[in-house]
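Trainee: Would you mind keeping the following structure in view while I ask a few things?
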Amino acid sequence: MTVADSASPFEDRGGYVVSPGPGCSPSFRQYVASARAGDVDALFLLESADADAVEMDVLLYKLLNVAADFGHPEAGSFLVDLLECSSLRYDDDRFAQGDAHFQLGLAYLLGADGLPVDPDKSRAHLEMSHKCRWPFHVQQGENLLAEARSLLTAAQLMVFDEIYRPG
């Protein structure tokens, strides 16, 4: 969800919140289905013609979190390895991790990208994002929060605002 200062992270996303969009092969929803089912090995086959290695590490981080959300403990050990042995090792300010959890939190609120509506999982990811200080250490962070709020219904907004209280 990292974008230029003038761009919108939700603009022209075609309903995608977490996924890289239609260029992902196989589809991101198929990877989400694998993560939910606990087929962690399938996640390591993730490819996208439009993504670089850092983006792929972040996508894998998101998918392993989904697997962990659905009770697959081996995903947790892979997450530890990923944070130590990939480009995420250099995410000292936890910028990428905060962004990933923010996207997962929104996806669980909206029921997007093959994830079910789940306020509890959403809350957990939004709390993790907030602990990473996302998006407060990025330019236009308040605009990002306002734009996210504009996507949410009143019930969804209640969950979101528990963590990201309006200014």
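Trainee: With 96, 75 as the choices, which residue is of a type outside the set (Asp, Glu), surrounded by 19 or more Cβ atoms within 10 Å (Cβ to Cβ), within 18 Å of residue 34 (Cα to Cα) and touching a helix residue (DSSP H, G or I) at 6+ places or on another chain (Cβ under 6 Å)?
Mentor: The match here is 75.
Trainee: OK, next. Would you point out the residue of region 99-115, among those that are at pLDDT 90 or above and of a type in the set (Gly, Ala, Ser), that is most open to solvent (accessible area, probe 1.4 Å)? Let's see the steps before the verdict.
Mentor: Within region 99-115, the first condition is being at pLDDT 90 or above, and the residues that meet it are 99-111, 115.
Right, trim to of a type in the set (Gly, Ala, Ser) and you get 100, 105, 107, 111.
Values: 100: 1, 105: 0, 107: 0, 111: 34 Å².
Checked region 99-115; the qualifying residue most open to solvent (accessible area, probe 1.4 Å) is 111.
Conditions tested, residue by residue: (1) hydroxyl-bearing (Ser, Thr, Tyr); (2) modelled with pLDDT of 85 or more; (3) under 16 Å from the mean Cα position of the chain (by Cα); (4) not in a loop (DSSP other than H, G, I, E, B).
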site: 15; (1), (2), (3), (4): no, no, yes, no
site: 21; (1), (2), (3), (4): no, no, yes, no
site: 41; (1), (2), (3), (4): no, yes, no, yes
site: 45; (1), (2), (3), (4): no, no, no, no
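Trainee: Also, I was wondering about something else. Given the conditions (1) at pLDDT 95 or above; (2) more than 16 Å from the chain's Cα centre (by Cα), and given that residue 160 satisfies all but one, which numbered condition is not satisfied?
Mentor: (2)
The values are calculated or read from the model by the stated rules, or taken from the named source; none is laboratory data. For clarity, every value in this text was computed on a predicted model and none was experimentally measured. Using ideal geometry, Cβ is built from the backbone for each residue, glycine included, and neighbour counts are taken over all protein chains shown. For the accessible areas, the whole protein counts, side chains as well, though only heavy atoms, and no ligand, DNA or RNA atoms are used. Shrake-Rupley method; radii C 1.70, N 1.55, O 1.52, S 1.80 Å.
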